[in-house]
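Undergrad: The structure follows.
Bear in mind that the values in this text are calculations on the coordinates, not laboratory data. On a predicted model such as this, the values are computed, not experimentally measured, just so you know. Methodologically, a virtual Cβ is constructed for each residue, glycine included, from the backbone with ideal geometry; neighbour enumeration extends over all protein chains shown.
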Amino acid sequence: MIKRDSQTRAVKRVVIIGGGPAGTNCATHAARLGADVTLIESDIVGGAAHLLDCIPSKAMIATGGAMSMMNKATAMGLAKVDVVLDFEALRTRIADIEGRLESSVTSLLSSQGVRLIEGRGSLVSANEVEVATETGTETIEADVIVLSTGSRPRVPDWAPVDGVRVLTTRDAYPPPELPKHLVVIGSGVTGVEFVHMFNSFGSDVTLIVSRQQVLPDKDPEVASVLEKSFLERGVRLYKGARAEAIEVDETAENGRQVRVLCDDGRIATGSHVLLAIGSIPNSDGLGLDKAGVESEWGYVTVDHNCKSSVGHIYAAGDLSGKLPLSSVASMQGRKIAEHAMGLHAAPHRHLDYDKAASAIFTDPEIADVGLAEADAFAEGRKIRVTKVPFSVSAKALINNDPRGFVKIVSDPATGVVMGGSIVGRHAAELISVLALAVTAGLTVTDLVESLFVHPALAEVLGEAAE
Ligand SMILES: Cc1cc2nc3c(=O)[nH]c(=O)nc-3n(C[C@H](O)[C@H](O)[C@H](O)COP(=O)(O)OP(=O)(O)OC[C@H]3O[C@@H](n4cnc5c(N)ncnc54)[C@H](O)[C@@H]3O)c2cc1C
C-alpha cells in the first residue's frame, strides 16, 4: 500500500530544469500529485530524446528498413521495384514526427497545469533557480528542484567536427548530403545503429571497432550475429583500432575526402566520418557548486531515490550518470515525483536498473533484459539457459526472416526468469514479455502456459521457456 508522508506540505513548489523525458514525466506526475510545478526548457519540449537522439534516429532506421524490405520484394512474391531515397521527403517526415510529439507533450503538460518557461535555468542557491529568457531573467523559489538537463555527444579535441564532413550523431538527421562512404568511429549501440542506417540507405560504411567485438558490452553470441550481418552487407570492420586523428581534404579525388588515422597505423578513408563515442553531461553552467550539489565527471551523484547530496535537489536522466536510456529517464522522473511528494518509497518501489530492457535497432534487432548469460558465468552464478532459433517459427518463415533466436536465463531451482536476449525481427517489441517476467518475478512455467497468438513470433518465447 502507498503511504503518504504526514509531513508533506499542502502545495509543494517543484522546479524542473530540462524538459526531456526525465523532466516532462516528473512534471506531469508531480502536478498530478498536487505540486505547483514549473518546467524550464531552453530548446524543445520532449528534449534531445525527441529532437536529436532516439526519435529521429529510429525514424531514419525505419525508412532504411522500408527500403530494405522493398529491395527484397521478390522473396515475398512481388515484382521488383526500384526504390530511391528522397532526402527532402525524409527531412519532412522527421520534422513532422518531432512536431507531433512536441505538441502532444506540451498539451499534456498544459492539461496538468504545469507552468512552462522557455529559457536556460541554473541554480543560484539550494532553493532558488534563475531562468534566463529572451526578455530577461527571473528567479524562482523552490521546495524541490529537479535537474534533468541531459547530455550531448562527446567530441575529442582531435576531431574537427564541422557538421558537413565530420559529423556527430546530431548532425545526421539527415546530414546535408548522403555519404558515399561513411566511416563510423565507435561500435557501441549508437555506432552500430548508424552503420545499419546508412548502409541500408546505400552508403558504403567502414566501422572502427576499438576492441575485438562490435558491441563490446554485449553477450558475444548476440554480438556475433550482428557482425556476421554487417560483413554480409559489405561493411568493413577495423577491429582493435582506436581512432586518434581525422584529416579532411576537400580537394581529394574520388570523393574520399576524409581520412581517419588509427593508433595501429591503419587509415580508413571515406567521404564523411561520424563520431559515436559516447556523451558528456550538460552540467556546465548549471550552478551545482552554488547549491552544494556534488558531482563526478559532471554527472550529479544520486542515491537510489535519485536524490543528490542536497536532500531536496534530485537529478534524473542522463545527467544522473545511470543508464542513458530514454525509458530509464522517464521512470526516474516519475519516481522522483512520487518521492518528492512524500509517497512511501519502500525498497520494492525503487528503480532497479538491472531490470531495464534495452534494444538495438539494427537488422536483425537485438534486445535484452536482466541477467546476461556471460555475466552470470563471470559471477559464478547457477543458471539455466534455454535457446530456440526463430527458424522453427512459422511466422518467421511467413515474414521471410528466420534469423536470430530467443535465449532465456532462469533460476534452475525456482524457474524464475532472470533475464533474456532476443535477436531477430521485432526483438525490441518481443523483449517486453521477458521484461514483464523479470520485473514481476514470473517463472518459465508462466511463459510456457501463456496462450500466445498463432502464428506469431512470440510463440518462440514460450518454446524457449520449456
Ligand atoms: C543517437 C542516440 C539514439 C538514442 N536512442 C535511444 C533509444 O532508441 N531508446 C532509448 O531509450 N534511449 C535512446 N537514446 C538515449 C536517450 O536519448 C537519452 O537517454 C535521453 O534523451 C535522456 O533523457 P533526459 O531527459 O535525461 O535528457 P534529454 O532528452 O537530453 O533532455 C534534456 C533537455 O534539457 C534541456 N536543457 C539542457 N540544459 C538546460 C538548461 N540549463 N536549462 C533549460 N533546459 C536545459 C535540453 O534542451 C533538453 O531538451 C539515444 C541516444 C542517442 C545519442
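Undergrad: Sum -39500 (n - 2.57) across every DSSP H segment of at least 4 residues in the chain, then divide by the residue count to get the 222 nm mean residue ellipticity, nearest 500.
TA: -9000 deg cm²/dmol
Undergrad: Continuing with this model, one more query. Among the lysines, which fall within straight-line cross-link reach of Lys80, defined as a Cα-Cα distance under 22 Å, with same-chain neighbours fewer than 8 residues apart omitted?
TA: Within the straight-line limit of under 22 Å, Lys80 reaches these lysines: Lys72.
Undergrad: Looking at Thr251, Ser393, Phe405, which one has the Cα that reaches farthest to the positive end of the dipole of the chain (charges on Cβ: Lys, Arg +1; Asp, Glu -1)?
TA: Ser393
Undergrad: Starting at the first residue of the stretch 135-150, write each ³J(HN,Hα) from the Karplus equation 6.51 cos²θ - 1.76 cosθ + 1.60 with θ = phi - 60°, in whole Hz, x for Gly and Pro.
TA: Calculated HN-Hα couplings, in order: 9, x, 10, 9, 10, 10, 7, 9, 8, 9, 10, 10, 9, 8, 8, x Hz.
Undergrad: Once you charge only the Cβ atoms, +1 for Lys and Arg and -1 for Asp and Glu, what is the size of the charge dipole of the stretch 364-465 about its Cα centre, to the nearest 20 debye? Can you show the working numbers first?
TA: Values: 8 positive and 12 negative charges, 40 e Å.
Taking the Cα centre of the stretch 364-465 as origin, the dipole is about 200 debye.
Undergrad: Using a Förster radius of 22 Å, what is the FRET efficiency between Asp217 and Arg403 based on their Cβ-Cβ separation? Nearest 0.05, please.
TA: Approximately 0.50, to the nearest 0.05.
Undergrad: Loop only by DSSP, 11 or fewer other Cβ within 10 Å of the Cβ. Give me the GluC sites (Glu not before Pro) in the stretch 177-279 that pass, ordered by residue number.
TA: Of the GluC sites (Glu not before Pro), the ones in loops of the stretch 177-279 whose Cβ has at most 11 other Cβ atoms within 10 Å are Glu177, Glu250, Glu253.
Undergrad: Students often get this wrong, so check it: of Lys290/Lys335; Lys307/Lys382; Lys228/Lys382; Lys239/Lys322; Lys218/Lys335, which have C-alpha atoms separated by over 32 Å?
TA: On the way: Lys290/Lys335 26 Å; Lys307/Lys382 35 Å; Lys228/Lys382 30 Å; Lys239/Lys322 28 Å; Lys218/Lys335 28 Å.
Cα-Cα > 32 Å for Lys307/Lys382; rest within.
Undergrad: Right, something else. Charges on Cβ only, +1 for Lys and Arg, -1 for Asp and Glu, centred on the Cα centroid of the stretch 19-148; of Val144, Leu116, Cys54, which one is farthest towards the dipole's positive end?
TA: The listed residue farthest towards the positive side: Cys54.
Undergrad: Could you give the distance between the Cα centres of the stretch 37-103 and the stretch 356-429, to the whole Å?
TA: Taking the Cα centre of each part, the stretch 37-103 and the stretch 356-429 sit 27 Å apart.
Undergrad: Moving on. Which longest run of the chain has no exposed loop site in it, a site being trypsin sites (Lys or Arg not before Pro) in a DSSP loop with at most 15 other beta carbons within 10 Å, and the site itself not part of the run?
TA: 267-380
Undergrad: So if the hydrodynamic radius of the chain is defined as the Kirkwood radius over C-alpha pairs, what does Stokes-Einstein give as its diffusion coefficient at 4 °C and 1.567 mPa s, in µm² per second?
TA: For the chosen part, D equals 54 µm²/s.
Undergrad: For the stretch 28-42, just list the computed ³J(HN,Hα) in residue order, Karplus coefficients 6.51, -1.76 and 1.60, θ = phi - 60°, integers in Hz, with x standing in for Gly and Pro.
TA: So the Karplus estimates, Gly and Pro as x, are 5, 5, 5, 5, 4, 8, x, 7, 8, 10, 10, 10, 10, 9, 8 Hz.
Undergrad: When only DSSP loop residues count, what chymotrypsin sites (Phe, Trp or Tyr not before Pro) in the stretch 305-408 have their Cβ near at most 10 other Cβ atoms within 10 Å? Numbers along the way, then the final one.
TA: Details: sites: Tyr314, Tyr353, Phe361, Phe377, Phe390, Phe405; in loops: Phe361.
Loop-located and lightly packed - none at all.
Undergrad: Can I ask one more? Within the stretch 208-228, name every residue whose backbone N is under 14 Å away from a label modeled 7 Å from Cα of Phe377 along the Cβ vector.
TA: 218-224
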